[in-house]
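Below is one structure, written out as structure tokens; the observations come after it.
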Amino acid sequence: MEPPGDSLAPTLLLAMPQLRDRNFSRTVVLLCEYGTNGAFGFVVNRPTDVRAADAVVLDPPAQGDSGLMLWTGGPVESQRGFLLLGETPGMGESERIADGLHLTASVEVLRWLLECPATEMNGRRARLLLGYAGWGPGQLDEELTASAWLTAPPDPGLVFDTPPEAMWERAIRGLGVDPMALQLGAGVQ
């Protein structure tokens with residue numbers, strides 16, 4: 001990977017209208033890693049209607065249902081789960097992506113989140129993301145050159161506190177851009 005000072009990550013990628021891939025239409029992607037070997041991130045505005053307690057298999061089974069929901073994190077390895085958290089979990093291993101954005105795949109943290117009382121989950125910044133978005137070497141650079149994405153600073157308030165259906169528009173408006181003024185076409189917008 002590139003030295004931290006030269007990296008695009010962490011950032012939010014905002015899909016432009018010309019990005020025709022249905023996996024990314026009107027998405028907000030938290031870009032976690034970016035470098036010569038490719039890039040890696042998570043779609044953060046695609047909830048599902050599936051409760052994590054109904055889908056996650058743990059041994060022994062989780063006791064309880066906190067109300068944690070599954071989110072679509074991207075089309076790559078869609079059976080693999082990642083936890084995006086608003087704070088360091090204090091257990092298991094986690095990686096700080098940016099201020100207020102931490103990532104873990106810890107089963108210990110997952111179990112704790114599944115089993116905590118629903119009242120404790122309310123207001124907790126936690127997402128169980130299935131899959132991720134991945135780009136091969138140079139692929140994201142080509143998409144950026146084709147104006148398929150806008151970039152914005154990582155914002156935990158946007159990621160965790162904005163309704164998912166409003167996140168894309170709010171992120172674009174946060175850049176001072178009217179989403180209706182976005183034009184199709186290559187080049188820097």
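The values are calculated or read from the model by the stated rules, or taken from the named source; none is laboratory data. Computed from a prediction, not measured in an experiment: that's the story for all the values here. No Cβ is skipped: glycine too gets one built from the backbone with ideal geometry, and neighbour counts run over all protein chains shown. SASA here: full protein model, heavy atoms, side chains in, ligands and nucleic acids out. Shrake-Rupley method; radii C 1.70, N 1.55, O 1.52, S 1.80 Å.
Below is a table of values for the structure above.
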quantity	calculated
Rounded if a/c under 1.5, otherwise prolate or oblate - region 13-109, Cα gyration tensor axes	oblate
Computed label-point distance, nm, for sites Leu8 and Asp65 using a 7 Å Cα→Cβ extension	4.0 nm
Under 10 Å, Cβ to Cβ, from Pro47 - net charge with Lys/Arg +1 and Asp/Glu -1	0
Region 90-175: C-alpha gyration tensor shape, a/c 1.5 cut-off, then a/b vs b/c	oblate
The chain: antiparallel DSSP beta bridges as a percent of all, rounded to 5	90 percent
Cα-projected label distance for Asp54 with Gln18, points at 7 Å along beta-carbon direction, nm	4.1 nm
Portion, in percent, of the accessible area of region 123-187 that falls on carbon or sulfur, probe 1.4 Å	52 percent
Region 22-115, relative contact order [Cα under 8 Å, separation at least 6], %	23 percent
Percent RCO, i.e. relative contact order, over the chain, from Cα pairs under 8 Å lying at least 6 residues apart	27 percent
FRET efficiency, 1/(1 + (r/R0)^6) with R0 41 Å, evaluated for Val76 and Asp178 via beta carbons	0.80
Normalised alpha carbon radius of gyration of the chain [divisor 2.2 N^0.38 Å]	1.04
Rounded to 10°, Cα long-axis angle of helix 164-174 versus longest principal axis of the chain	40 degrees
